[in-house]
Amino acid sequence: MSSQSNTFTSTTCSLNDLPVELLTTILFKLADENLHDLLILSCTCRLWRSIIVNNFFLEKRFNFFKKKYLIGHWTFEDANQLGHDSSGYTKDQFSLIGNPVQSNCFLGSCLRLDGNSVIAVPVNEFSRYQTDYFSVSCWFLVERWNPPNNTMPFQTVAGAWEHPNQHWLHLGFSEASQLIQNQVIISADHVQFDCNSTTTVKLNTWYHVVTQVSRKKQEIFVNGDLQREVDMTLKAMGTITWTPGEIASNAEWSKQEIQRPETLCIGAKCLRPIAHNFWLGQVADLCIWTRWLEPIEIKATYQSKTKSDNLNMGQFIVDRMKKLH
């Protein structure tokens with residue numbers, strides 16, 4: 001009886017052996033999680049680079065990113081519905097206080113506030129606003145110092161700072177230092193963390209500002225550049241601003257949370273106990289995200305000088321990557 005030996009050939013399969021359509025789908029999923037790492041990955045393989053550093057791929061990724069993570073977008077394009085949220089998430093539940101009006105700027109339409117007006121958006125019933133991981137971006141211009149109705153030396157472009165325990169966002173600038181700033185408060189102990197930029201505000205000048213907040217850290221970007229990071233991992237690094245007469249939390253500091261918002265105020269600090277810290281100037285293209293933006297996305301928004309809806313993010317990144325190689 002004869003025996004026959006079979007010879008098996010060992011083959012190695014790599015990602016590059018996958019059909020390009022499948023590989024593109026895999027890389028697209030990775031892009032949602034971490035665009036920065038994906039761009040670094042594109043430098044390791046010509047095939048991957050041809051897929052990733054591609055206007056269509058990157059633009060599709062940014063549009064998907066906006067749809068998934070944008071929970072508030074105010075472009076102020078409808079003079080009859082100035083509080084219209086084009087993201088659709090807040091369902092246009094807003095009220096106008098005072099006399100906010102539509103104006104025009106280099107971006108197109110914008111909001112003009114007279115130092116005694118605000119657009120109020122109730123967000124306490126929207127679950128995605130009840131988070132300690134978010135970013136806020138906008139363009140703003142200051143027309144005058146010291147609005148006569150302000151009780152404190154601070155102008156607020158976007159605030160959610162209701163007393164006693166809904167201190168979530170306070171973005172604007174100090175009249176004293178004239179530095180752009182964001183504030184958050186952690187815990188019922190009211191431990192406040194300020195994140196100051198290094199940019200001094202000048203009148204009648206447009207600024208693009210992004211503040212990014214997580215439980216552990218704040219960042220603030222002005223005109224495309226990161227200007228300050230604030231570590232919030234240690235209680236001692238914050239300031240106990242006031243005591244509401246409540247029993248302090250006994251939980252470990254790492255387990256105490258950023259307070260959650262009740263009302264988002266465009267053009268003021270809060271509504272309760274009274275509306276104050278009004279904005280006297282203009283605001284454009286206000287966006288709120290439940291993810292942080294990548295530095296290259298922030299740079300693209302500033303340098304492109306256009307609203308988020310019109311931004312060609314893909315082409316900006318492609319051009320940027322070409323300059324690096």
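The values are calculated or read from the model by the stated rules, or taken from the named source; none is laboratory data. Computed from a prediction, not measured in an experiment: that's the story for all the values here. Glycine gets a Cβ as well: all are built from the backbone with ideal geometry, and neighbour counts include every protein chain shown.
Can you tell which of Ile288, Ile220, Ile185 is more than 30 Å from Leu58 (Cβ to Cβ), among the aliphatic types (A, V, I, L, M) and assigned to a strand (DSSP E or B)?
Ile185
Taking region 307-325 as the region of interest, how many residues are under 16 Å from the mean Cα position of the chain (by Cα) and among the polar types (S, T, N, Q)?
Residues in region 307-325 being under 16 Å from the mean Cα position of the chain (by Cα) and among the polar types (S, T, N, Q): 1 in total.
Results for (1) surrounded by 16 or more Cβ atoms within 10 Å (Cβ to Cβ); (2) at pLDDT below 95; (3) outside any strand (DSSP E or B), shown as yes or no for each residue.
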site: Gln212; (1), (2), (3): yes, no, no
site: Arg215; (1), (2), (3): yes, no, yes
site: Leu226; (1), (2), (3): no, no, no
site: Pro244; (1), (2), (3): no, yes, yes
site: Ala248; (1), (2), (3): no, yes, yes
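Do any residues in region 21-44 that are in contact (Cβ under 8 Å) with a residue 60 or more places away in the chain have Cβ atoms under 9 Å from those of residues that are of a type in the set (S, T, N, Q) and in a helix (DSSP H, G or I), where the two are at least six apart or on different chains, and which pairs are they?
Note: pairs meeting the criteria are Ser42/Ser50.
Here's a check for you: in region 90-137, which residue that is surrounded by fewer than 17 Cβ atoms within 10 Å (Cβ to Cβ) and within 18 Å of the chain's Cα centre (by Cα) is nearest to Thr263 (Cα to Cα)?
Restricting to residues being surrounded by fewer than 17 Cβ atoms within 10 Å (Cβ to Cβ) and within 18 Å of the chain's Cα centre (by Cα), the top hit is Gln130.
Surrounded by fewer than 22 Cβ atoms within 10 Å (Cβ to Cβ), at negative phi and outside the structural domain of Trp161 (by TED's automatic domain parsing), is that true of Arg272?
no
Restricting attention to region 70-81, which residues are surrounded by fewer than 19 Cβ atoms within 10 Å (Cβ to Cβ) and of a type outside the set (D, E, K, R)?
Ala79, Asn80, Gln81
Checking the conditions here, which among Asp114, Asp92 is free of Cβ contacts under 8 Å to residues at least 24 places away in the same chain and more than 15 Å from Cys138 (Cβ to Cβ)?
Only one candidate qualifies: Asp92.
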